[in-house]
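Since the structure comes first, as structure tokens, the remarks are kept for the end.
Every read-out reported here was derived from the displayed coordinates using simple, explicitly stated rules and does not represent laboratory data. All figures in this text were calculated on a predicted structure; none of them were measured in a lab. We place every Cβ from the backbone using ideal geometry, glycine too, and count neighbours over all the protein chains shown.
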Amino acid sequence: MFYREAGQYKTSYKEDSAIFPILQDRIAIWFYLAVAFVIIPLFGSEFLINSVMIPFLVFALATIGLNILTGYTGQISLGHGAFMGVGAYSTYKLVTYFPDTNVVVLILLSGFFSAAVGMVFGLPSLKIKGFYLVVTTLAAQFFLEWAFIRIPWLYNYNDSGAIEVPQREVFNIIVTGPDASVLSRYFVVLSIVVVMTWIASNIIHGRIGRSWMMIRDMDIAAELIGVRPLFAKLSSFAVSSFYAGVAGALMVFLWLGAAEVESFDVNVSFQILFMVIIGGLGSLVGSFLGAAFIWILPIVIRAVPRIMGMDINASTVEQLNFMIVGALIVLFLIIEPHGLARMWAILKQKLRVWPFPY
Amino acid sequence: MSFDESYTTPDGRTIGGVLMEMRNITLRFGGVTAIKDISFDIRQGEIRAIIGPNGAGKTSMLNVINGFYHPQEGEIIFRGETRRRMRPYEAASQGISRTFQNVALFQGMSTLDNIMAGRTLKMHKNFFWQMLRYGPALQEEIEHRKVVEKIIDFLEIQSIRKKPVGSLPYGLQKRVELARALAAEPSLLLLDEPMAGMNVEEKEDMSRFILDVNDEFGTTIALIEHDMGVVMDLADRVVALDYGKKIADGTPQEVQSNQAVIDAYLGVAH
């Protein structure tokens, strides 16, 4: 009744090709942005912003990265945890060498390092597919983890072997380091995630994104039409790892504050892959939904007994948490194998004809 | 009829000189010889049919033409130049486009995106503009959308523009595939069994589109088809293959009455 494009006539291909052709969708986007930029900073508690929103946004960005590779180009990777690490370590090195440069710029620059590494480990994808590619990207994961431990230059020869985030200011506001306020970190993360999501959406809807999807859906036909598999696959690996790298840098510099190799182990790779699959392959909305499902749902479940005044000890809650989240993942995937994004699309489709579905 | 001269068909179309010439092509897969010493040519503006029983090497021939297989012997002369060994996308950039025996659409994309995909080679705006989807990139996108809309109109698939192609019936999928091939504005269009599995009405529609494409855009078409009625009606010239060898080449009437062709299709008493 309220969500329906009746009466919205498109008079140019520009309007019809827009990313959100339906007015209500455009309103919704502005609404979400308003919530994220105004309402949450005004009314959100420090816990909400620091432990829920910032990690959610960071993981959403990493998920978008992996989704570009897996959901849009059809190449599976289990190395994205390590690619996040490449972003974090290279930001650390850049911050060390260029202490006066804007740290946000350095974080974005670090993406290029992980893009380069991602392209190198993407080379096998030209010959192999599917499970075999999983194995080679897993090798990338283990190799990079090894490098993070064994090359002390990467962590500036610290005794702890960890990255310790130094204090840096942007326009006289402290954004990294232990003294940075939650809000300043939140705004930096949010702005980067919003801009990079917008860019991802633009690429996906254009020629390059189409060539990725062509490779995904039917690589032989794509080649006969004129897509060069080398370029399409490697550009996808590059963009995807760029996103992962920036997400990794954000994770360490604006959320954790310190990190060692365990922060980028294979579990992170799996976690991001789960977010992609549960959110929906080949969907940007799905990347956010998937990240929310995996990151926010456990927090909500943990909070439930406390809110309801039940006296359950913490370890029991944690056990229950694993059981509930696990069961929900299975349930959701049985109901809709294409992930939350497809559910979202079906819901919108239903809403369009509601309340007269016939 | 001299080889390089153009001539006019009875229905008034002009057939030009030789566009592509296959000289003594031999293609082997290990010990199996799929194509053995075949020579034929495709002339500018004609509809050339390749027929033959199953396993005769027709699809292999098409795959050789668009660079997917590389013949061990023989040469291909395209637009007067001997073609070197090339990748399929290079063939595509030279203006060869095709459809497939089993529909090979991009199932995850809409009809519109599938046809836009066909224009990949015509779009050049760089990554930076693509990122912003603004200025030149957006303009390019819209220009190509206009061309795609013309093709959509031409093939009468306006109503399925935004539908995911996976949900379309088979006949329409074939038509979208033709649209995608046309979007590349090919000079040589290869159709691999465009009418396989269609009913009579769908075949009539498809035949009409093929003739229209040839007529309006002057596209040279090479098609593989099993329905002899269709081949006899559409094709200007027919080449017949059997067990990888050429058994006949000529006008539909000539090929139809050729004893070797009849034997290949009906079998010979031993």
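Since only B:Ile35, A:Ile272, B:Ala104 are under comparison, the one whose Cα sits farthest along the positive direction of the charge dipole of the protein assembly as shown, derived from C-beta charges on Lys, Arg, Asp and Glu, is A:Ile272.
Amide H contacts for A:Ile76 (H built 1.01 Å from N in the peptide plane; partners 5 or more residues away or on another chain; cut-off under 5 Å): A:Gly130.
Greater than 18 Å separation of Cα atoms is the criterion. Which listed pairs, B:Lys122/B:Lys162; A:Lys14/A:Lys233; B:Lys122/B:Lys146; A:Lys233/B:Lys163; A:Lys10/B:Lys162, meet it? Write out the running numbers ahead of the final one.
On the way: B:Lys122/B:Lys162 22 Å; A:Lys14/A:Lys233 29 Å; B:Lys122/B:Lys146 13 Å; A:Lys233/B:Lys163 26 Å; A:Lys10/B:Lys162 14 Å.
Among B:Lys122/B:Lys162; A:Lys14/A:Lys233; B:Lys122/B:Lys146; A:Lys233/B:Lys163; A:Lys10/B:Lys162, the Cα-Cα distance tops 18 Å for B:Lys122/B:Lys162; A:Lys14/A:Lys233; A:Lys233/B:Lys163.
Which of the DSSP-defined H helices in chain A satisfy a minimum axial length of 27 Å, computed from C-alpha atoms, and a minimum mean Kyte-Doolittle hydropathy of 1.6? Span-like helices, by this rule, are A:103-122, A:182-205, A:284-307, A:314-335. Along its principal axes, the range A:37-159 has C-alpha extents of 51, 36, 24 angstrom, given from the largest down. Taking a ≥ b ≥ c as the square roots of the Cα gyration tensor eigenvalues, with a/c under 1.5 meaning rounded and otherwise prolate when a/b beats b/c, else oblate, which class fits the range A:199-358? Oblate shape, in that a/c is at least 1.5 and b/c is the bigger or equal ratio.
Find the relative contact order for the range B:109-184 and round it to a whole percent, using C-alpha pairs within less than 8 Å whose residues are 6+ positions apart.
Values: 66 pairs, mean separation 42.7, N = 76.
Computed over the range B:109-184, the figure is 56 percent.
Dipole magnitude for chain A: computed about the Cα centre from +1 point charges on Lys and Arg Cβ and -1 point charges on Asp and Glu Cβ, it is near 1140 debye. Size descriptors for the protein assembly as shown, from the alpha-carbon set: Rg then Dmax equal 29.2, 98 Å.
Suppose we look only past 25 Å in the calculated P(r) of chain B. What percent of the Cα-Cα pairs does that tail hold? All intermediate terms of the calculation are to be shown ahead of the outcome.
Values: 17340 of 36315 pairs.
Above the 25 Å cut-off, chain B has 48 percent of its Cα pairs.
Considering only B:Asn114, A:Asn313, B:Leu191, the residue lying farthest towards the positive end of the dipole of the protein assembly as shown is A:Asn313, judged by Cα position with unit charges set on Cβ. Here the translational diffusion coefficient of the range B:173-242 follows from Stokes-Einstein with Rh set to the Kirkwood radius across Cα pairs; for 4 °C and 1.567 mPa s it amounts to 104 µm²/s. Candidates A:Ile68, A:Leu230, A:Ala162 compared by Cα position along the dipole of the protein assembly as shown: farthest toward the positive end lies A:Ala162, with charges placed on Cβ.
Across the residues of B:142-151, average count of Cβ atoms on other protein chains within 10 Å? Before the final figure, lay out each step's value.
Working: counts 5, 1, 2, 5, 1, 0, 1, 2, 0, 0.
Mean number of neighbouring Cβ atoms from other chains: 2.
Computed about the Cα centre, the dipole magnitude for the range B:109-184 is approximately 60 debye when only Lys and Arg (+1) and Asp and Glu (-1) carry charge, each at its Cβ. Using alpha carbons only, the radius of gyration of the range A:1-101 set against its Kirkwood radius gives Rg/Rh = 1.11. For B:Ala34, the residues whose amide H sits under 5 Å from its own are B:Leu27, B:Arg28, B:Phe29, ignoring neighbours fewer than 5 places away on the same chain, with H placed 1.01 Å from N.
Sum up the charges of everything whose Cβ sits under 15 Å from the Cβ of A:Trp344, counting Lys and Arg as +1 and Asp and Glu as -1, but leave A:Trp344 out.
Numbers: positive: A:Arg342, A:Lys348, A:Lys350, A:Arg352; negative: A:Asp25, A:Glu336.
So the environment of A:Trp344 carries a net charge of +2.
Taking Lys and Arg as +1 and Asp and Glu as -1, the other residues whose beta-carbon sits under 15 Å from that of A:Val317 total 0. For the residues of A:201-213, the average number of beta carbons from a partner chain within 10 Å of their own beta carbon is 6.
Under a 5 Å amide H cut-off, with hydrogens placed 1.01 Å from N, A:Ile163 pairs with A:Ala259, A:Glu260 among residues at least 5 apart or on other chains. Grab the beta carbon distance between B:Ser167 and A:Trp198, set R0 = 25 Å, and tell me the FRET efficiency rounded to 0.05. Efficiency at R0 = 25 Å is approximately 0.25.
As an equivalent ellipsoid, the range B:109-184 spans semi-axes of 24, 12, 10 angstrom, where each value is the square root of five times an eigenvalue of the C-alpha gyration tensor, largest first.
Between 0 and 90 degrees, the angle of helix B:136-154 with respect to the longest Cα principal axis of chain B falls at about 50 degrees. Note: the range A:220-275, Cα convex hull, 107 Å³ per residue. Placing +1 on the Cβ of every Lys and Arg and -1 on the Cβ of every Asp and Glu, with nothing else charged, gives the range B:1-131 a dipole about its Cα centre of roughly 440 debye. In terms of its C-alpha gyration tensor, chain A has a rounded overall shape, because the principal axis ratio a/c (a ≥ b ≥ c, square roots of the eigenvalues) stays below 1.5. As I understand it, the value is the acute angle between the Cα axis of helix B:170-183 and the longest principal axis of the Cα atoms of chain B; what does it come to in degrees, rounded to 10? With both axes taken from Cα atoms, the answer is about 80 degrees.
Between B:Lys150 and B:Asn126, what is the FRET efficiency for a Förster distance of 30 Å, r being their Cβ-Cβ separation, to the nearest 0.05?
0.70
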